[in-house]
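Data block below; observations after.
Read the figures in this text as sums done on the coordinates, not as results from a lab. For clarity, every value in this text was computed on a predicted model and none was experimentally measured. As a convention, Cβ positions derive from the backbone with ideal geometry for all residues, glycine included, and neighbour counts pool all protein chains shown.
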Amino acid sequence: MNIIDRRLNPQGKSLANRQRFIRRARKQIADAVREASGKSSVADVNGGGKIKIRSDGINEPQLYHSGKSGEHTHVVPGNHEYVEGDRIPRPQGGEGGRGREASADGEGEDAFQFVLTQDEFLDLFLEDLELPDMLRKQLKKAESFLPRRAGYSVSGAATNLNLVRTMRNSLSRRIALKRPRPAEIQALETELKTLTESGDDIERCRELEIEIEEQRRRSRRIPFIDPVDVRYNRFELVPQPVASAVMFCLMDVSGSMTEHMKDLAKRFYKLLYLFLSRRYRNVEIVFIRHTHVAREVDEETFFNSRETGGTVVSTVLEEMLRVLQERYPRDQWNIYAAQASDGDNLSSDNAKSAALLERRILPICQYFAYLEVGDEEDGFNLGSEIWRTYERLDRSGHPIAMRKVNKRNQIFPVFRELFARDQSARKAAS
Amino acid sequence: MSPDDGVMLDKDKGETRARFDWDFDSLSRAHDQVAEIALGEFGLDIYPNQIEVITAEQMLDVYSSIGMPLMYRHWSFGKHFARDETLYRRGMRNLAYEIVINSSPCISYLMEENSMTMQTLVIAHAAFGHNHFFKNNHLFQQWTDADGILDYMEFAKGYIARCEARYGETAVERVLDAAHALMTQGVNRYPRRKNGGLEEEEKRIQERMAEIERSYNDLWRTVPQNGSREKRRTTEAERRQILGLPEENVLYFLEKKAPLLKPWQREILRIVRHIAQYFYPQKQTKVMNEGCATMVHYEVMNRLHEKGQLGDGAMVEFLSSHTNVVLQPDFDDRRYSGINPYALGFGMMQDVKRICLEPTDEDRTWFPQFAGNRDPWGTLKEGWANYRDESFIRQYLSPALIRKMKLFTVADDGVSDLVVKAIHNERGYQTVRSSLARQFDTAQKEPEIEIVDVDLDGDRRLMLQHRVYDNVLLAEDDIQPVLRHLADLWGYEVSLTEVSSSSEAVLKQHSAGPTGALAAA
């Protein structure tokens, strides 16, 4: 008898099966995920969770007897009152001790319910989304190098000494040049010693002396490790193509923004943040919020602290330019920006904002997304100040996209439109 | 389980162990004590035991791969895992306390969450009860190879993984999908005639020639022959003989005779067929197998208690879970979902024991061969060795048990009211008993489908026949998908005819053509 503890065996043996299952049911699951995310709030997006999918495509058909046709005989336990020949009215819906067994094999379930992990959920949730024009500057940033092993060299830093190679060379050289081993000299010396002590065979003593001298000389002349033996690990620096991007999150937090609008904007950015931090490893995010003055803040402050004041959009654009010049040289970074605002602006500032955008920001931006948030009942009949300003830029072919949102449940569709991988879909939607 | 939980578990692993009230020494002691009773007193005969302790998640793994420790990869196992996991996490289903593999050594999985009492119960149930049954029942002896199954699964898993690497996951998945759809039709119900090899064949031909020479009579030459029709008939019969038709094992036929399959596809069919065959005895002996294991654990636990090796508290814990296992709700109970094989099996075993020790006059009339023979274990072991559910019920179900379970038989023609045909009285025992036996007969539950012919002269259509008993047709929903899978494997059109067994009338016709799914991959 053996008792084996298997609990520490690698877990997740069925992971491969699960991946195959999800791939198989991909379409149904993706539909279900979309549907589920439409209903729940954005904050829940992180969660993963239970979904219900239709079972077509994941059926496992089998041939089995139909429970509906033909004559069946059932043996059932628990007879209280029946005697032979009694007639029992047909139970509704096949209940009451018949028909169950026949359908048990068939698994006539319409929907199949199971739990997706967070990763799986997000994978499907953010499927087909991409930062636009991500690759354009990909190779520009070639200053990042990674060392890669590239054979051996005869010169190098002591830290890179390859001991095994060096000793191997040394050994083969010593063997080839017949360098005497210390043990051999030792043996000769012992022999000499015993001979001198005993005092006979002077001839042999002399021979030995000469030989020992010769061996010692050899040993001195042929070094144990010669510079020609030494080998170093060689590294080559391989340029790393890095897709680096910086994403500017710009948000109006002035007095004209209601709680609802801020909430919408926050949700949009949360989604964006989730998307970015998941989709790309090398993406930096800069948060700038503004009233009549703009300030770069950390994420925590950006989403959570409050501030009031007027609205001057150009300030945030200027702040963005300042940060760009300071930290993100344009030839090394792909630059993206997403602005959220209620559309209000100081009238006198419109021209300045437009000029800033058109001349300085849009030319270096890969993509500029503008999200206009409004009150729930608001119809956006007339374009707001910013909307009208930006619309002109959009029409003139600049890389700018604009959307209006006034309900929570619009956030996700708008987000998908803005970042859909397929350019034509994005164009068609706008 | 979320990743956070995983971290927590790792950190606490040392303490986690300490949380359980058993350790490996006590498991080993329990095993020895159980062995003393089961082997020494009851005289069970088992494969060597291997007991493996696993976590709930690993139990779910084993669940989803149809109870095999090793299994090739397929999405359907992922689906079952997802469903089982969901049900388990929501508390809608408990996991089994154990799973046991019919192999040598016999592997029993114990869940780490079980208490020491439950571990003892499970050791008695699986490592001795099921183990004895696997080793001694004639169906398992005849159809499964306990020594080789784990090696075979290892091979199967590796082979399919290599196929996936070479031909792509999709291509392999399509073959497996099709093979799984035909899995219940991939079983030999009867031993195949052994082909004796060349030598024997030659000997037979020579004997036949000798016989022809011996019985030669020139007169036969003068008998007028009815030429063409006769000839036509022989070719048809010949064709069937060459193809080995009729053939009930559809997967076997496809593996050997389907014209377009590639060698690796045939090998996959073979693997699926072998697995189906391996599980076929288990399907036929559900009641007996569970009855045997439940009987063994019940008797062992009682003996342990009598010998003072099991405390009163533990005994109560055992009885409470044992009672749950053998609970048989009445038909009008909300919990009713068919006859519980544990309850029926355990009831029958206990009943056999009672008949051996304290028979009534009724028992002496019904079971003259063993009533009052004072040897319950010998009687039970003989039953476990030589029967399957259907025949065991037919032989051993006593009127006493029918009365105790208040079994009755209901006839249902699908249209009018249900009619009570027999109840637990003198007139009804025989009817109830044979109806129940039929109910547990796998051959009755599963449709009888055979390949009857192939249209070799025409469009190579493969013709199948379903013999319909009591007008029970096949369920409509799945016929087309299964036939399409079959057609894909066969490569040409297939048709399925449902023929009434009483009147030979054709009740229904289905047909399907290949979708090209296999060819495309």
Using a simple spin-label model with points 7 Å from Cα along the Cα→Cβ vector, what separation in nm is obtained for B:VAL452 and B:GLU267? 3.7
Less than 9 Å Cβ to Cβ from B:LEU60, Lys/Arg counted +1 and Asp/Glu -1: what total charge do the surrounding residues give? -4
Work out the FRET efficiency for B:LEU319 and B:TYR469 from their Cβ-Cβ distance, taking R0 = 30 Å, and round it to the nearest 0.05. 0.10
Cα-based convex hull volume of the protein assembly as shown per residue, rounded to whole Å³: 379
The computed P(r) of the range B:445-520 puts the percent of Cα pairs beyond 19 Å at 36
Sum of side-chain charges, A:GLN11 neighbourhood, beta-carbon under 10 Å (Lys, Arg +1; Asp, Glu -1): 0
For Cα pairs less than 8 Å apart in space and 6+ apart in sequence, what is the mean separation divided by the residue count of the range B:445-520, i.e. the relative contact order in percent? 29
Return the Rg/Rh ratio of chain B with Cα-based radii and a Kirkwood Rh. 1.02
What pairs from A:LYS27/A:LYS407; A:LYS27/B:LYS445; B:LYS406/B:LYS508; A:LYS262/B:LYS79; A:LYS68/B:LYS283; B:LYS135/B:LYS421 go past 30 Å between their alpha carbons? A:LYS27/B:LYS445; B:LYS406/B:LYS508; A:LYS262/B:LYS79; B:LYS135/B:LYS421
Sorted by Cβ density within 10 Å, fewest first, the residues B:GLU493, A:GLU259: A:GLU259, B:GLU493
Using the Cα centre as the reference, give the magnitude of the dipole from point charges on the C-beta atoms of chain B (Lys, Arg: +1; Asp, Glu: -1; all else neutral), rounded to the nearest 20 debye. 1200
Among A:LEU418, A:LEU346, which comes first, then next, by fewest other beta-carbon atoms within 10 Å? A:LEU346, A:LEU418
First check a/c for the range A:284-358, with a ≥ b ≥ c the square roots of the eigenvalues of its C-alpha gyration tensor; if it is under 1.5, answer rounded, and if not, answer prolate when a/b is larger than b/c or oblate otherwise. oblate
Rounded to the nearest 0.05, FRET efficiency between B:GLU504 and B:GLU476 (Cβ-Cβ, R0 22 Å) equals 0.45
Counting only other residues whose beta carbon sits under 14 Å from that of A:GLY151, what net charge do I get with K and R as +1, D and E as -1? +4
For the range A:177-227, diffusion coefficient by Stokes-Einstein and Kirkwood Rh (Cα), 20 °C, 1.002 mPa s, µm²/s: 183
Farthest toward positive dipole pole in the range A:166-297 [+1 Lys/Arg, -1 Asp/Glu at C-beta], among A:VAL297, A:ASN233, A:LEU208: A:VAL297
Can you give me the C-alpha center-to-center distance between the range B:390-452 and the range B:473-495, rounded to a whole angstrom? 32
So how do B:422-435, B:390-403, B:100-113 stack up, highest first, on mean other-Cβ count within 10 Å? B:100-113, B:390-403, B:422-435
Any chance you could get the radius of gyration and Dmax over the Cα atoms of the range B:306-460, in Å? 20.5, 77
What ranking do B:CYS292, A:CYS249, B:CYS163 get, fewest neighbouring Cβ atoms within 10 angstrom at the top? B:CYS163, A:CYS249, B:CYS292
14 Å Cα-Cα reach of A:LYS13 towards aspartates and glutamates, excluding residues that sit fewer than 8 places from it in its own chain: B:GLU57, B:ASP61, B:GLU85
Can you tell me what share of the DSSP beta bridges in chain B is antiparallel? A percent to the nearest 5 is fine. 60
Cα pairs beyond 18 Å in the range A:151-235, in percent, come to 56
Could you grab the Rg to Rh ratio for the range B:19-66? Cα atoms only, Kirkwood for Rh. 1.09
Over the whole of B:440-453, what's the average partner chain Cβ count within 10 Å per residue? Rounded to a whole number, please. 1
What ranking do B:333-340, A:352-359 get when scored by the average of other Cβ atoms within 10 Å per residue, highest first? A:352-359, B:333-340
Would you be so kind as to identify which of B:GLY516, A:LEU250, B:ILE393 lies farthest towards the positive end of the dipole of the protein assembly as shown, taking Lys and Arg as +1 and Asp and Glu as -1 on Cβ and the Cα centre as origin? A:LEU250
Segment B:GLU426-B:ASP45, extension gain: residue separation times 0.36 nm, minus the distance between their alpha carbons: 133.3 nm
Give the relative contact order (percent, whole number) for the range B:68-159; include only Cα pairs under 8 Å separated by 6+ residues. 37
Beyond 14 Å, what share of the Cα-Cα pairs of the range B:318-367 is found? Please give it as a whole percent. 62
On average, how many beta carbons from a partner chain sit within 10 Å of the beta carbon of a residue in B:252-262? 0
Rounded to the nearest 5, the percent of DSSP beta bridges in the protein assembly as shown running antiparallel is 50
Cα convex hull of the range B:377-521, projected area averaged across orientations, nm²: 13.6
